[in-house]
Amino acid sequence: MLDIIRPGDPRYADVQHVYTTTGAPAAVLQPRTTDEVVQALGFARDTGGPLSLRSGGHGISSVSTNERGTVIDLSRLSTIERVRPDARLVRVGPGARWGEVAATLHPWGLAISSGDSGDVGVGGLATTGGIGLMGRAHGLTIDHITAAEMVTADGRVLHLDAQREPDLFWAVRGGGANMGIVTSLEFRADPVPVVARATLQYRIERLAPFLQAWGETVEAAPRKISAFLYLMGGGFALATVVYAGDDPAAAEAALTPFLQVAPTVGHQAQVVPYAAVVAATHAPHRGQQSGRTHTGLAVHLDQDLSERLESLDLAGFGQLLQIRSVGGAINDVPADATAYAHRHQNFSITAVAPSSSRAFDEAWAAVHPSLDGLYLSFESEFTPQRLTEAFPGATLQRLRDIKKQVDPDNVFRQNFPVVGFPDVTHRP
Ligand SMILES: Cc1cc2nc3c(=O)[nH]c(=O)nc-3n(C[C@H](O)[C@H](O)[C@H](O)COP(=O)(O)OP(=O)(O)OC[C@H]3O[C@@H](n4cnc5c(N)ncnc54)[C@H](O)[C@@H]3O)c2cc1C
């Protein structure tokens, strides 16, 4: 029987909130099977009011909980299994966390590039992109999807792959939250026994030249290298650089140039299972990370963009600037092959502020002209402009055409909706 958790239930406190916001839904439904997902959707549609979908509860968009509505919480659909060992195929439930996926796949000698946090859920990340610490070596997470199961707005259960539902299979890899509830995903994993992970702490004199040097170093690195940079002000930057391979000499040669970007106050490198890079903490969700973000993609960290980012930093708007590498294998995929169309950029840049403010928006607006596209999973603001940056030109049109067929009532409009707009463009 479908498990429904309501206010007053002793379990409610642990399911009402998500990572980035607090909520007070009237009912949190926890289906255990695809049939129960169909029932849950029927319940939500009959009840009316706000609907949220939740897999790992780590959506930066903060839309996986609500006030007085229904949440379909897929955390119990979290099986991780091998389908065909010879083809490296694995099937994963949307409610699994990426740390659990990595830990389960490690003994099989396999891994799927996901993101930098093991607590992020499979469902949210694998329906939009997946910019991870093996991205330049192995591509986005969505580039590994070979099939998916989806419950559509009218309660049908569809099996998506390149032959059976080619349009929906295209759409689910980048614009998935618009089309239905993903109940299972099949991935072709990569043979990755271990990786070399370096962490570096830089002391920075001036941000703009540092960013230019960082960008040049990342672009010159072999594609087995993926590199994420985190700037927290105060003249320091932290970097995580991953070499996706187990040859220590090649790893050392590829990692050494990162020591020349700027003086370090500390650095270390270790050969570790990929699972150690993305371990899950399973910390309970209490809306503990309630920041606002703006984001964009860029081809190069050139002088112009680096200076704009320096001004943003000096404006002192907030708490964190993150620069993740993309490029490499991500850009081997044609722009029209998936609903994530950004296949020529080398960097994803995200600014995080403690709360929405005009100062933050204005500081970001000064960076914006030097950006090129947007990865929707790092943006907390929905506007028509952000939508067209996330889904440029033909991508948005194709998503809208498919949407018209599969969800004419716009039931799934919570996360970067391609038609209509939600009542709230910003959660406070
Ligand atoms: C600490 C942190 C680190 C992150 N690091 C990275 C990173 O390195 N790389 C990266 O690419 N992303 C990263 N992200 C962003 C992350 O990928 C997205 O926020 C993603 O949506 C989270 O997935 P979730 O299942 O946990 O989210 P949820 O909050 O559960 O879901 C978010 C939204 O996704 C949609 N959705 C969720 N499940 C389904 C489903 N089964 N079917 C259809 N739609 C669904 C719904 O609209 C839902 O509201 C990070 C986020 C956080 C908070």
Exercise for review: Within the range 61-75, find all residues whose amide N lies under 17 Å from a label point positioned 7 Å from the Cα of Q39 along Cα-to-beta-carbon.
Suggested key: 71-75
Practice item. Roll a 1.4 Å probe over the protein heavy atoms and report the accessible area of L89 in Å², nearest 10. Key: 20 Å²
Point to revise | DSSP bridge orientation in the range 3-73 - percent antiparallel, rounded to nearest 5 | key: 25 percent
Check your understanding: Which whole-number percentage describes the relative contact order of the chain, with Cα contacts under 8 Å and a sequence gap of 6 or more?
Key -> 17 percent
**Study point:** Placed amide H near S184: partners under 5 Å, 5+ positions off or other chain
**Key:** E149
Study note, to complete from the structure: Charge dipole of the chain built from unit charges on the beta carbon (Lys, Arg +1; Asp, Glu -1), centred at mean Cα; most positive-end Cα among Q289, A40, T146 is A40
Study note, to complete from the structure: The helix 207-220 Cα axis meets the longest alpha-carbon principal axis of the chain at an angle in degrees, between 0 and 90 and rounded to 10, of 80 degrees
Exercise for review: Give a residue-ordered list of calculated ³J(HN,Hα) values for the range 24-38 (Karplus: 6.51 cos²θ - 1.76 cosθ + 1.60, θ = phi - 60°; whole Hz; x for Gly, Pro).
Suggested key: 9, x, 6, 8, 10, 9, 10, x, 9, 9, 4, 4, 5, 5, 4
**Study point:** Per residue, in Å², the accessible surface of the range 3-73 once ligands and nucleic acids are set aside, probe 1.4 Å
**Key:** 39 Å²
Check your understanding: How far is helix 393-406 tilted, in degrees, relative to the longest principal axis of the Cα atoms in the chain, given as a value from 0 to 90 rounded to the nearest 10?
Key -> 20 degrees
**Study point:** Whole-percent carbon and sulfur share, accessible surface of the range 2-47, 1.4 Å
**Key:** 50 percent
Point to revise | Share, in percent, of DSSP beta bridges within the chain that are antiparallel, nearest 5 | key: 90 percent
Point to revise | Neighbour-limited loop hits for trypsin sites (Lys or Arg not before Pro), the range 127-201 (at most 14 other Cβ within 10 Å; DSSP other than H, G, I, E, B) | key: R156, R164
Exercise for review: Kindly rank 400-406, 102-108, 68-74 from highest to lowest mean number of other beta carbons found within 10 Å of each residue.
Suggested key: 68-74, 102-108, 400-406
**Study point:** Segment S290-T199, length gained on full extension (0.36 nm per residue, minus Cα span)
**Key:** 30.2 nm
Study note, to complete from the structure: Quick calc, the range 80-191, dipole around Cα centre from Cβ unit charges on Lys, Arg (+) and Asp, Glu (-), nearest 20 debye, gives 160 debye
Review point. Can you list residues whose amide H is under 5 Å from S52's amide H, if they're 5+ apart or on another chain and H is modeled 1.01 Å from N?
Key: T70, V71, I72
**Study point:** Inter-label distance for A87 and D247, nm, one decimal - labels placed 7 Å from Cα along Cα-to-Cβ
**Key:** 3.0 nm
Check your understanding: In whole Hz, what ³J(HN,Hα) sequence does the range 351-364 give by Karplus (6.51, -1.76, 1.60; θ = phi - 60°), x for Gly and Pro?
Key -> 9, 10, 10, x, 7, 5, 7, 4, 4, 5, 4, 5, 4, 6
Check your understanding: Expressed as an acute angle from 0 to 90° and rounded to the nearest 10, what is the orientation of the C-alpha long axis of helix 166-175 relative to the principal long axis of the chain?
Key -> 60 degrees
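The values are calculated or read from the model by the stated rules, or taken from the named source; none is laboratory data. Quantities reported herein were computed from a predicted structural model and do not represent experimental measurements. Every residue, glycine as well, gets a Cβ built from its backbone with ideal geometry; the counts of neighbours run over all protein chains shown. These area figures cover heavy atoms from the full protein model, side chains too; ligands, DNA and RNA do not enter into them. Shrake-Rupley method; radii C 1.70, N 1.55, O 1.52, S 1.80 Å.
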